[in-house]
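What follows is one structure encoded as C-alpha cells, with my remarks underneath.
The values are calculated or read from the model by the stated rules, or taken from the named source; none is laboratory data. Here the structure is a predicted model, which means the values were calculated and not measured. Please note: Cβ atoms are built from the backbone with ideal geometry, for glycine as well, and neighbour counts cover all protein chains shown. Heavy atoms of the whole protein, side chains included, go into the accessibility calculation; ligands, DNA and RNA do not. Shrake-Rupley method; radii C 1.70, N 1.55, O 1.52, S 1.80 Å.
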Amino acid sequence: MQSKNDFTQGSIPQAVMRLALPMIGAQIINALYSVVDKMYIGRLPDIGADALAGVGITFPFIMIVSAFAMLAGMGGAPLCSIARGEGDIDGAEKIMGCSMAFLLALGVGVTVLSLAIKGPALYWFGATPEIYAYADQYISIYLLGSLFVMMTLGMNPFINSQGFSRTGMITVALGAVINIILDPVFMFALGMGVRGAALATILSQAASALWVVAFLRGKQCILRLRREYIRLDKAIIGRVAALGASTCTMNITESIVSIACNQTLSIFGDKTYLSVMTVISSVRQVLMMPVSGFGQGMQPVMGFNYGAKRYDRVRHCFRFTTVVSAVYASCVCLATLLFPEFFIRLFNADPALVEAGVPALRLYFCLFFMLSLQMAGQYSFVALGKSRQATFFSLLRKAFIVAPMALLLPRFTSLGVMGVFAAEPISDFVGSTACFVTFLLTVWPALKKEESLEA
C-alpha cells in the first residue's frame, strides 16, 4: 500500500486528478448539507423567506465550528504527507493521533462557548425580531451536535492525505444521503420545520464521523489512528496549529465577513437582502467546491514530493492545478453572469427576492475567475508547510479587504446596498493577485534553486 501511494512515481496530472476528482465530489456533496437544508427551508409554507434569512444569520457560528475543525485537520494532514514522504511513518501516526486529541478538546470548548453566547451573538450577527426565532431554533440544535461535525471535517483530511480520496468521498456522501432523506421527514412529515433541518444535519454528520474513525483505525490504512498516540503533545500541536491557522483563519474571516455584510444589509436594505445574501453565499459555497477540491487533491501529491525532495514534481503539480482551476473558475464566472436567475430560483422563487438577487449575484461573481489564483497559491503554501504566508493571505482577502469594503462602500459611495456585494469581486482581484504573485516571486525561485542543488 505504501508503494501504491508513492507520489514520486508516475504522471503528476494523473496523480492530482486521481485524488482531486473524488475530493471535488466530496466537496460538492458536503456543500449539500447546508444547501439542501436551505432549499427545503426556503419552501416552508408561509415562512420560507423569513426562515431562510434566519438560518443565513447562523452562518458565522457554522463557519467557526468548521474553522476549528480545519485547524486540526488541515494543519495535521499536510504534515503527515510530508512525514510520509520522508519515510517517517511512526512520526506521521503521532501527528494524526495528536491532531485527533486536539480536535476533541477544541470541539468541547467551541460547543460550550457557542451555546453560552448564542443569544446576543445572533442579534450581533444581524438578526431582526422577525427572523431571530428561526435562527435560534436552527443553531441551538446544530451546536449540540457540532462535535460530530468537527470530527468529520477534521479527520477526513487524514484519509485523503494518504491517497484514499474515494474513501474520503464516501465519508461525506454517506452523511449527505442520510441528510437528504431525513430533511423532508423531520421538516415536513414530523412538522419540525427549521429544527428538523438542524437535527437531520447533525445526525448525518454523526454517521460520517463514525465512518471516519472506523476507517482510520482499520488495517487498510497506511497511517493508522492508534489509541496510544491520541494524546496532546505541545510540540506537535504547535506545528499543527501553525499550519492549520491558514484554513482556520480563512473560515473565521468568512464569519467576520458574514457579520459585516449582514449588519450593513440590515441598515441599508431589508430582510429581502438578507435572504439574497443567504442564497448567494450558498451558491458560492457549491461553486467553489471544485476549485477547493483541486487544491486539496494537489496537497498530498505536492507535500509528499516536497518531503521526498522531488522539487521538479512540486513545480509541475502547482502549474497543472493552477491551469485547471483557472479554466473551471472562468466557466463559473460566465455561467453566473448569463444565468443568474436560475441560481436564485433554486432556493426561492419569490419575485422580490429574484428581482433583488439577480443584479447582486452578477456583481458578486463578476471576478470569480481570479479566485483560482488565490486557491492555487494558498493551498501550495499549506502543502509546503509555509504557515506564515498561508495565514497572511487568508487574512488579507477577507479580513483586510472584504469586511472593510462591505462596511465602507454602502456608506461612502453611491452604491448603497449593492456596495456589500461589490466588496467580494474587489477582494477576488486584489487578494488573489497578491497571493499568486508572492508565490511566484518567493517560493518558485527557491524550488528551482533546490532542484539544481539536488541535481
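Looking at A105, A101, just one residue is at pLDDT 95 or above, aliphatic (A, V, I, L, M) and in contact with a Lys or Arg (Cβ under 8 Å, 6 or more places away or on another chain), and that residue is A101. Considered as a group, the residues in the stretch 377-413 that are among the polar types (S, T, N, Q) and open to solvent by less than 10 Å² (accessible area, probe 1.4 Å) include one that is modelled with the lowest pLDDT, and that residue is S394. The sole residue among G145, G97 that is closer than 30 Å to F7 by Cα, surrounded by 15 or more Cβ atoms within 10 Å (Cβ to Cβ) and touching a residue at least 24 places away in the same chain (Cβ under 8 Å) is G97.
Beta carbons closer than 9 Å, at least 6 apart along the sequence or on distinct chains, pair a first residue in the stretch 436-455 that is on the phi < 0 side of the Ramachandran plot with a second that is among the hydrophobic types (A, V, I, L, M, F, W, C) and open to solvent by 80 Å² or more (accessible area, probe 1.4 Å) for T438/F392. Among the residues that make up the stretch 296-309, is at least one of them assigned to a helix (DSSP H, G or I), among the charged types (D, E, K, R) and surrounded by fewer than 21 Cβ atoms within 10 Å (Cβ to Cβ)? Looking for residues that are assigned to a helix (DSSP H, G or I), among the charged types (D, E, K, R) and surrounded by fewer than 21 Cβ atoms within 10 Å (Cβ to Cβ), one finds none in the stretch 296-309, hence no. Find all pairs meeting these conditions: Cβ atoms under 6 angstrom apart; at least six residues apart or on different chains; first residue within the stretch 206-230 and open to solvent by less than 30 Å² (accessible area, probe 1.4 Å); second residue among the acidic types (D, E). Final answer for the pair search is L223/E93. When G163, G175, G168 are checked against the criterion of being crowded, with 19+ Cβ neighbours inside 10 Å, touching a Pro at 6+ places or on another chain (Cβ under 9 Å), touching a residue at least 60 places away in the same chain (Cβ under 8 Å) and not in a loop (DSSP other than H, G, I, E, B), G168 stands alone in meeting it.
For S246, the criteria (1) surrounded by fewer than 22 Cβ atoms within 10 Å (Cβ to Cβ); (2) within 30 Å of F393 (Cβ to Cβ) hold in every case but one, which is (1). Among the residues of the stretch 404-424, those identified as under 18 Å from F365 (Cα atoms) and out of contact with any Phe, Trp or Tyr (no Cβ under 7 Å at 6 or more places or on another chain) are M405, A406, L409, L415, M418, G419, V420, A422, A423.
Residue pairs whose Cβ atoms lie under 7 Å apart, sitting 6 or more positions apart in sequence or on different chains, and linking a residue in the stretch 269-294 that is farther than 18 Å from T128 by Cα and open to solvent by 40 Å² or more (accessible area, probe 1.4 Å) to a partner that is at pLDDT below 85 and in a helix (DSSP H, G or I), are Q285/A31; Q285/S34; Q285/V35; V286/I28; V286/A31; V286/V35. Checking the stated criteria, A26 turns out to be small (G, A, S), open to solvent by less than 20 Å² (accessible area, probe 1.4 Å) and touching a Ser or Thr at 6+ places or on another chain (Cβ under 8 Å).
Screening the stretch 414-441 for residues that are touching a helix residue (DSSP H, G or I) at 6+ places or on another chain (Cβ under 8 Å) and open to solvent by 60 Å² or more (accessible area, probe 1.4 Å) and picking the one that is nearest to V276 (Cα to Cα) gives L415. If only residues of the stretch 337-355 that are touching a helix residue (DSSP H, G or I) at 6+ places or on another chain (Cβ under 6 Å) and surrounded by fewer than 21 Cβ atoms within 10 Å (Cβ to Cβ) are counted, the one that is modelled with the lowest pLDDT is D350.
For the stretch 235-255, the criterion of being in contact with a Pro (Cβ under 6 Å, 6 or more places away or on another chain), of a type in the set (G, A, S) and part of a helix (DSSP H, G or I) is met by at least one residue.
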